[in-house]
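Each remark here refers to the structure printed beneath this line.
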């Protein structure tokens, strides 16, 4: 019983599979590539399927050969001999002429064409019949002669048209270019293009446009000539398709791209007006109209530039998938290649940019400040994301990379100068024989007479060391002009010399002073007393008395 049940089950499954195979159309033989059936250089229709023993290309070639055999053996066309009927055994529709099978249309052809098989057979038979009628209608000598005359007429008109275009071009070029005077194009004081060069450039451009126009007219005339003969009508259609198909493809692509273009426009407008809004607030902060606690005014524009760059980068990233060609492998490969080049070749530049951003928010200096960066002392004249430029007192413009500034120490002489004053100092060494109070008074007097020195706070003196031969005095004074610190120091030194000379105090090394006995003092002659005489050498002899 068990074996009988298995046999029945196997039989039922076999019957179901057989029924399913009979009721299902085989679509494996349908190709995704359309193969044209060509007759006398003219495409009749396209095939996408073929029997198992031949390919689609071979099937199209066979149909073309059968049509060529018919026109080679038949002198005239008999419409009654052209038949389209259905094969009752297979269900296929057969197109034939004089009992010669031209083609057989199957269900696979109907599926590929997305039409009922009967309608498809009517369409294909009408196409073949119409093409054969046109071919046989042109076999007469009279028709050929008329077509030749028409072709020669078209060629004659074309030649006359080209001659007319050349004559018109010469007249227009002579009138509007050769006889016309042109002004030279300037970029600043540099003459970019002279009048003679302008005429030459216009001549070359208009000459190229003339030949392009002539070639276009010839190209458009060729399909008209080829269409006069049935043997070359296929070439005519092909030439027309070379012009129309790319143009139509561009139009279809443009129409299909409109939704993406609308998305790109919306994103671009959003980014643009967001940047304008942020720029408005940044300018208000920079002017001091809008105050944000903890946010300095000089941060406003650098922050705006950073946010602006980030917004545009983000907008480009969002827009990129909607750009035409963005999905192309070539476009993506070029983008990756450029990214690798940028990352490998701009490491130092990126380091400077990052340092520039950090320096902006560290606020170690601003434009116009007097600073010392490394060994460079001068005024800051320019700050960028990559470098900072400093002009020294000798009018030397020094360019310093921002990464160097970030790693080196920076001294700002201007940050406290306006509110508290910058302290400038200088030192003198005077011997122990001169009272220190007198030195203090003389140094303060000299500082008070110096240009651009603040009287409040008052200058002061520090005694920085007590050495073996002298005391070191340091005069300190306040100024609000750090940009001319060198001139202030020079004026201070001049005043110290004058004040000390007027007071009769020598600024000399005491060690030298002890060896200059008998020499004239170094004080200028007009500052010495009228009865001044150099001291002579003093020789003392010690007499020792021996006890008796």
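Expressed as an acute angle from 0 to 90° and rounded to the nearest 10, what is the orientation of the C-alpha long axis of helix 485-502 relative to the principal long axis of the chain? Result, in degrees: 10.
Scoring 242-252, 456-466 by mean Cβ neighbours within 10 Å over their residues and listing the highest first yields 456-466, 242-252. Relative contact order for the range 141-228: what is it in percent, counting Cα pairs under 8 Å that are at least 6 residues apart? Reported as a whole number, the value is 34 percent.
Between the alpha-carbon centers of the range 444-506 and the range 46-75, tell me the distance in whole angstrom. A separation of 113 Å, based on Cα centres. Grab the beta carbon distance between residue 316 and residue 393, set R0 = 41 Å, and tell me the FRET efficiency rounded to 0.05. E(calc), rounded to 0.05, equals 0.35. For the chain, the convex hull spanned by the alpha carbon atoms encloses 485 Å³ per residue.
Rounding to the nearest 10 and keeping the result within 0 to 90°, find how far the Cα-based axis of helix 117-137 lies from the longest principal axis of the chain. Taking Cα atoms only, the helix is inclined about 80 degrees.
Report the FRET efficiency, 1/(1 + (r/R0)^6), for residue 386 and residue 327, where r is their Cβ-Cβ distance and R0 is 30 Å, rounded to 0.05.
Working: r = 35 Å, r/R0 = 1.18.
It comes out at approximately 0.25.
Relative to the longest principal axis of the Cα atoms of the chain, the long axis of helix 329-345 lies at roughly 10 degrees. The distance between label points at residue 474 and residue 290 comes to 4.7 nm (points 7 Å beyond Cα on the Cα→Cβ vector). Under the simplified labelling scheme, the residue 348-residue 307 pair shows an inter-label distance of 3.4 nm, with each label point 7 Å from Cα along Cα→Cβ.
Considering only C-alpha atoms, what is the centroid distance from the range 402-442 to the range 184-206, in Å? Spelled out, the Cα-based centre of one part sits 62 Å from the other. Summarising the label geometry, the points placed 7 Å from Cα in the beta-carbon direction at residue 73 and residue 340 lie 6.4 nm from one another.
With an 8 Å cut-off on Cα pairs and a minimum separation of 6 or more residues, tell me the relative contact order of the range 422-527 in percent.
Numbers: 153 pairs, mean separation 36.7, N = 106.
Reported relative contact order: 35 percent.
Across the chain, the relative contact order, built from alpha-carbon pairs under 8 Å that are at least six residues apart, equals 6 percent. Note on residue 367/residue 449: beta-carbon distance plugged into 1/(1 + (r/R0)^6) with R0 of 25 Å gives a FRET efficiency of 0.15.
Could you work out the helix-only [θ] at 222 nm for the chain, with each DSSP H run of four or more residues adding -39,500 (n - 2.57) and the total divided by the number of residues, to the nearest 500 deg cm²/dmol? Present the calculation step by step, with values, prior to reporting the outcome.
Details: 14 runs with 282 residues, N = 548.
Per the formula, -17500 deg cm²/dmol.
Please report the spacing between the Cα centers of the range 304-338 and the range 88-130 in Å, no decimals. Using only Cα atoms to place each centre, the spacing works out to 53 Å. On full extension, the segment bounded by residue 269 and residue 157 gains 35.0 nm, given 0.36 nm per residue less the C-alpha separation. Highest mean first, the peptides 313-322, 402-411 sorted by other C-beta atoms within 10 Å per residue fall in the order 402-411, 313-322.
Stretched out straight at 0.36 nm per residue, the stretch from residue 245 to residue 83 would grow longer than its current Cα-Cα span by 54.8 nm.
Each value in this text was obtained by applying a stated rule to the coordinates, not by laboratory testing. Small disclaimer: the values here were computed from a predicted structure and weren't measured. Every residue, glycine among them, receives a Cβ derived from its backbone with ideal geometry; neighbour counts consider all protein chains shown.
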